[in-house]
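First up is the structure itself, then whatever we jot down about it.
Computed from the coordinates by the stated procedures, all read-outs in this text should not be read as laboratory data. Because the structure is a prediction, the values reported are computed rather than measured. In this analysis, Cβ positions are derived from the backbone assuming ideal geometry, glycine residues included, and neighbour counts consider all displayed protein chains.
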Amino acid sequence: MNFLVMNGIDKVDNLGVILALLGAALAALMAGIGSAIGVGKAGEAAAGVLTEDSSKFGKILVLQLLPGTQGIYGLLIAFLTMTKVGVLGGDSDLSWQKGALFLCACLPIAIVGLVSAIAQAKASVASIGVVAKKPEEFGKAMILPAMVETYAILALLISLLAVSGVSSLTL
Amino acid sequence: MSVLNMQRIQLCALKRNRKKLLTALQRCGVMEVTDVGTEDSMFDFHKQPEAENLVAEDMQIAKEALQVIDTYGSKKTKVSSLTGRKALTTEKYEAYEIEYNHIKERALRITQLARLITEEVQENRKRKAQLEALVPWITLTIPFSCTETNCTAVFFGTLPNAWEKSNIENLFSSSSATEKNILVEVISSSKLMTYIMVICLKQQAVEVHSILRDASFSQKISNSKLPPRKEKEKLEEEILISEDKISEYIDLIKEYEQYQEEFQFLFDDAQVRLEQCEVMKHLIETEKVFVVSGYIPKAEIAKTVKSLQEKCDVAIEIMDPSEEEEVPILLKNPAFSKPLEGTVKAYSLPGKGEIDPTTVMSFFYYVLFGLMLADAAYGAIMVLGCTFALLKYKNMENSLKNSLKMFLYCGVSTMFWGVMFGSYFGDMVDVVSETFFGSRISIPPLWFFPVNEPMKMLVFSMLFGVVHIYTGLAMKLYQCIKQKDYKSVLYDVILWYIVLTASIVLLLSVDVFTKTFGLNFQFSKQVGDIALVIVLVSSIGIILTAGRESRNPVKRLLKGLYGFYGITGYLSDVLSYSRLLALGLASGVICTVINKMASMVGGGIIGVIAFILIFLVGHAINIGINALGAYVHTNRLQYVEFFGKFYNGGGREFRPFTMRTKYYKLDKGER
């Protein structure tokens, strides 16, 4: 790091903002990709069930949407970071250290969002199978994918706390 | 509030009153019929499979008739659960029953018409295929049936790929037949197929045919006696006639549309009789009398007995169910909690000796939902929407009514927490006042802004979780006392209460913990030490007692350790409530995003229009997604964190002998 600093890393214009925005972009990107894959997979399974029995649409739609929340969490963190950095209007002067911290803060929801959405989609697909055969077990079928989401929520929590914590630091 | 007390009931009556009695019983709709016992020298099971077949047939006819009206008629026959089923009085029902034979005839007639239509449609499809096949042959002037004359043989057929006339004639150059004796006519040709007619002398027919076959000729066999052009005209005329017939049939069907209600009655009546057939299988009879037995909620006995005895002479015996019987479960809760019975049912109904968790759960359910959505405006939308639907469609089906009521109460809670946390469409008031009126106005929260103080919200969420979990343990306590399992009260509940409470006190006396969470109070060191001792002592208590079913001391110790390992479960349970913060913030922050996007266009007329558009679409999506999230995660917190402490379920649902009709309400209402 010293090497970089000596070679003038802190002289690069707006490096802090760049790093912070990279974090925000990653959060929206990766969590969004995960959710898109997840909702897509669940949608395929859902469409299969609908060909047999279209009256299950309401229940199956809920199951299809479950892996979609990670994308929203990613968006949330991205937006929060951008507001704190001041990209959306306001003063965006940021030291590179602080920018890097924002980037770190965004990583939990970016990575966990991507992986958990895909894992949750697998559980969703299986649960759609349950509803296809036993629609009365919808309550239980819904809980199984929701269990996976817990970890996305924990990651979201850490990212949230970290972003709001970093913004109150003075570096 | 509770699982209803069920009694065993046994009815004995004369066989000639059977229909009357069963119908009365079905109208009461409060008794579940089960097997009386086994056959013996005196009693036989009731056997009458033909009756069931007849009913099934009626049902099929009615179903088909309604389908026909759905397909060809202008009205919809399905009943939406919003408008609900129409009530049908007993008198009207009986009036219909007299008409039964006519109704059935009409239903049969309409299904017959539909069948005729299907036949015509199929015929037309065939005719159209034939027409298609005739197109390439249209210039042919002789019919296909003309395969020979006195001296010549005629071949019609196709060769693959495109052929010139001369190429075909060349095929025969090596044969004994000279060109003069063969006439080749190309009727039409395309890239894929050449349609030809070949005429030759009869004695050469075999040879010519084999040459053609070598060139992959496939002969067209048809017994049509008209030349293709005439044949085509004939087919077209037939199609026209048949289409006329179809529209005539459809007109006839439309005339039958007025009888739709009768067909619906026929279906429901068959359904009612089918239920009766099901029940008949359970009753036993002698030559003159029959016995039917089952379960009935204690509160309903007096009324049912009275209404049955009004109908006919019947001997009724009531008794307590024996210990080993698996009694069906029916829940009874106050109106406030009733909508959540379905949620409990979706998990599992209370098993033997378990209490009904619905009422206690309902308070937490509404509060948790409200905390996760936490927006006054969203709550108001839910309340208004549900109230409107409930008032407008008074006749809606119970299941839908319960869901709407549930969301109504959830909406009230959402409003409450929205006001507490100062969220009205997020920060809509601030944004609108700043963008369009120049000065920023904020509505202050009654309590605090979670976005500004996430740590405070996190602590509150977990505190709420602790309360929820403690309530779960209290439910277990109550359940154990009810089952007179006093050992469990001490070992499985009270010891845990002590460990958990002491652990919390211990944590609150540690600097690092209180600083991290920004708490402004802390227990002193001495209190912490005392708490530590209590934790250790009660932990040893748990380790020694958790494995008390095992006699083997080693096994007992291991099981005890495993039991104590459950403390990690409590830790993760409490952490799980952090989703209250996460989801609450999620809906709040997305509101902010939407408002910000909406206000980016700026002031002025265009700004206002853009604002309204983005605002409507954005918040509609947000309320949908976040209400779904709140619903799913509220369920999870109840099922996993709360039920996990005391509830196993496994009860069997009470299924009374009643009228499960599709189109009409025949009894006083369904259960």
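Other protein chain C-beta atoms within 10 Å of residue C-beta, averaged over A:74-84: 3. Using a 7 Å offset from Cα along Cα-Cβ at B:Leu613, what residues in the range B:555-594 end up with backbone N under 18 Å from the label point? So the set is B:594. Listed by chain and number, the lysines whose C-alpha is less than 22 Å from the C-alpha of B:Lys128, apart from same-chain residues fewer than 8 away, are B:Lys220, B:Lys225, B:Lys230, B:Lys232, B:Lys234, B:Lys245. Of the trypsin sites (Lys or Arg not before Pro) found in the range B:483-520, those in coil by DSSP whose Cβ has at most 16 other Cβ atoms within 10 Å are B:Lys484. Within a straight-line Cα-Cα reach of under 16 Å, B:Lys515 can be paired with the following lysines, leaving aside sequence neighbours fewer than 8 residues apart in one chain: B:Lys456, B:Lys525. Using the Cα gyration tensor of the protein assembly as shown, with a ≥ b ≥ c the square roots of its eigenvalues, what is the shape: rounded (a/c below 1.5), prolate (a/b larger than b/c) or oblate (neither)? Oblate, since a/c reaches 1.5 and b/c is not below a/b. Rounded to the nearest 0.05, what FRET efficiency do B:Thr147 and A:Ile37 have when you use their Cβ-Cβ distance and R0 = 51 Å? Given R0 = 51 Å and the Cβ-Cβ separation, E is 0.20. Note on chain A: lysine pairs with Cα distance below 25 Å, sequence gap of 8 or more or different chains, count 20. The C-alpha atoms of chain B define a longest principal axis, and helix B:358-373 lies at about 80 degrees to it. Model label points for B:Glu453 and B:Ala95, set 7 angstrom from Cα along the Cα-to-Cβ axis, are 6.8 nm apart. Directionally averaged projected area (the range A:90-154, Cα convex hull): 6.1 nm². Between 0 and 90 degrees, the angle of helix B:260-280 with respect to the longest Cα principal axis of chain B falls at about 60 degrees. By the helix-only formula, in which each DSSP H run with n ≥ 4 contributes -39500 (n - 2.57) and the sum is divided by residues, chain A has a 222 nm mean residue ellipticity of -28000 deg cm²/dmol. Applying 1/(1 + (r/R0)^6) with R0 = 35 Å to the Cβ-Cβ distance of B:Gln48 and B:Val121 gives a FRET efficiency near 0.30.
List the chymotrypsin sites (Phe, Trp or Tyr not before Pro) within the range B:311-410 that fall in a DSSP loop (any state other than H, G, I, E or B) and whose Cβ has at most 16 other Cβ atoms within 10 Å.
Taking the range B:311-410 and a limit of 16 other Cβ atoms within 10 Å, the loop chymotrypsin sites (Phe, Trp or Tyr not before Pro) found are B:Phe336.
When you filter the GluC sites (Glu not before Pro) in the range B:145-211 for DSSP loop state and at most 12 other Cβ atoms inside 10 Å of their Cβ, you are left with B:Glu164.
Normalised by the empirical 2.2 N^0.38 Å for globular proteins, what value does the Cα Rg of the range A:13-167 take?
On the way: Rg = 18.2 Å, N = 155, 2.2 N^0.38 = 15.0 Å.
For the range A:13-167, the normalised Cα radius of gyration comes out at 1.22.
For chain B, what is the Kirkwood estimate of the hydrodynamic radius, computed as the reciprocal of the mean inverse distance between distinct Cα atoms, to one decimal in Å?
33.7
In the protein assembly as shown, a dipole from Cβ-located charges (positive for Lys and Arg, negative for Asp and Glu) runs towards its positive end, and of B:Asn395, B:Leu11, B:Leu561 it is B:Leu561 whose Cα lies farthest in that direction. Stretching the chain fully between B:Lys298 and B:Glu237 yields a gain of 14.7 nm (0.36 nm per residue, less the alpha carbon separation). Taking a point 7 angstrom from the Cα of B:Ile504 along the C-beta vector, which residues in the range B:442-473 have backbone N less than 20 Å away? Only B:455-473 fall inside the zone, counting backbone N under 20 Å. Remark: the B:Lys78-B:Met193 segment gains 36.3 nm on full extension, using 0.36 nm per residue and subtracting the alpha carbon distance. Rounded to the nearest 10 degrees, the inclination of helix A:138-167 to the longest alpha-carbon principal axis of chain A is 10 degrees. Taking 1.002 mPa s as the viscosity and 20 °C as the temperature, the Stokes-Einstein diffusion coefficient of the range B:358-645 based on its alpha-carbon Kirkwood radius rounds to 98 µm²/s.
Can you classify the range B:527-671 as rounded, prolate or oblate using the Cα gyration tensor, where a ≥ b ≥ c are the square roots of its eigenvalues, rounded means a/c under 1.5, and otherwise it's prolate if a/b beats b/c and oblate if not? Cα axes put the range B:527-671 in the oblate bin.
You can think of it this way: the chain between B:Phe437 and B:Tyr497 has 16.0 nm of extra reach, that is 0.36 nm per residue less the Cα-Cα gap.
Computed from the C-beta positions of B:Asn520 and B:Ile621 and an R0 of 45 Å, the FRET efficiency is 0.70 to the nearest 0.05.
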